[in-house]
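Here's the structure, in structure tokens; my notes come after.
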């Protein structure tokens, strides 16, 4: 009696692309089962290429989260974010174009123009479907999008929930090349804890500060030392003006204390150990429009 052979193992890199604030980072976190990529309601929260690894019985997927490709914004930081967003699809075996229902914007079209140049499978994810009151409106909306744009699969998801994820993953995996896993089964990312710590602090800045100020801030880890189960971390929060420094610190230091406390708790949960965190706020005029400063703060490539 012949036994059915096991399916071939598949491995590939999958780029999650889209305009800002469509839920790419939330989708990544759901797919890998960990809060790796920072999330906030503000657009352009993601500033780096973030690799998140999902290991399954017969497949391993290396998801690449990207900054949102956006129009406008003339500062060096905006140009850097768009450079990263444009480069990542070059690495991908499959591209997942994430949009937010029920809108197709000029920035969505710009993303399509970019990915249409790549001869790899492309999947469309229509995210945030919970915001559409009448789900019947989704079909004509997507029919219009796909009339002159070829996707190899279309999926309707709510990135914060598991519903629909299994079918999406099955569809995605079948497009991956047959190949062995490139990462260990317990690995979640290729990024260091030092990098993740800086991102977690920046997440708190995005969540706590007013509408414009988060874009004038970045975080630099000045010291990271692991002593047994304790991580000792010192970090500088960089802003562009003295007035912004005062806002970050807050009355009697309350703002900075809250940012530090929330970031420390997030790190302890993710790192699985105790964290001692010191934060300082420093000023560098117009750092976000200075190529040398961007390189120093890790925004390069």
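So the values come out like this:
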{"quantity": "Flag if residue 296 is over 26 Å from residue 32 (Cα atoms) and out of contact with any helix residue (DSSP H, G or I) (no Cβ under 7 Å at 6 or more places or on another chain)", "calculated": "yes"}
{"quantity": "Qualifying positions in the range 146-170 - assigned to a loop (DSSP other than H, G, I, E, B), on the phi < 0 side of the Ramachandran plot and without any contact (Cβ under 8 Å) to a residue 60 or more places away in the chain", "calculated": "147, 148, 149, 150, 151, 152, 158, 163"}
{"quantity": "Selection count where residues are over 16 Å from residue 27 (Cα atoms) and crowded, with 22+ Cβ neighbours inside 10 Å, scope the range 48-59", "calculated": "1"}
{"quantity": "Test: residue in the range 72-80 that is in contact with a helix residue (DSSP H, G or I) (Cβ under 6 Å, 6 or more places away or on another chain), in a loop (DSSP other than H, G, I, E, B) and in the same structural domain as residue 168 (by TED's automatic domain parsing)", "calculated": "yes"}
{"quantity": "Elements of type helices (runs of 4 or more DSSP H) contained in the range 191-301, each with 3 or more residues being touching a residue at least 60 places away in the same chain (Cβ under 8 Å), on the phi < 0 side of the Ramachandran plot and buried (at least 21 other Cβ atoms within 10 Å of the Cβ)", "calculated": "193-208"}
{"quantity": "The lone exception for residue 38 - which of (1) closer than 19 Å to residue 185 by Cβ; (2) touching a helix residue (DSSP H, G or I) at 6+ places or on another chain (Cβ under 6 Å) it fails", "calculated": "(1)"}
{"quantity": "The range 81-127: number of residues that are closer than 25 Å to residue 162 by Cα and either surrounded by fewer than 15 Cβ atoms within 10 Å (Cβ to Cβ) or not assigned by TED's automatic domain parsing to the domain that holds residue 19 (or both)", "calculated": "1"}
{"quantity": "Count of the range 123-137 residues which are touching a residue at least 24 places away in the same chain (Cβ under 8 Å) and either under 20 Å from the mean Cα position of the chain (by Cα) or assigned to a helix (DSSP H, G or I) (or both)", "calculated": "10"}
{"quantity": "Flag for residue 156 being crowded, with 17+ Cβ neighbours inside 10 Å, under 26 Å from residue 59 (Cα atoms), over 22 Å from the mean Cα position of the chain (by Cα) and in the same structural domain as residue 59 (by TED's automatic domain parsing)", "calculated": "no"}
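Table: residues versus (1) in contact with a helix residue (DSSP H, G or I) (Cβ under 6 Å, 6 or more places away or on another chain); (2) in a loop (DSSP other than H, G, I, E, B); (3) in contact (Cβ under 8 Å) with a residue 40 or more places away in the chain; (4) closer than 28 Å to residue 60 by Cβ.
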position: 104; (1), (2), (3), (4): yes, yes, yes, no
position: 113; (1), (2), (3), (4): no, no, no, no
position: 139; (1), (2), (3), (4): no, no, no, no
position: 144; (1), (2), (3), (4): no, no, yes, no
position: 172; (1), (2), (3), (4): no, no, yes, yes
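The values are calculated or read from the model by the stated rules, or taken from the named source; none is laboratory data. All values reported here derive from a predicted model rather than from experimental measurement. Counting neighbours? That spans all protein chains shown, and the Cβs are built from the backbone with ideal geometry, glycine included.
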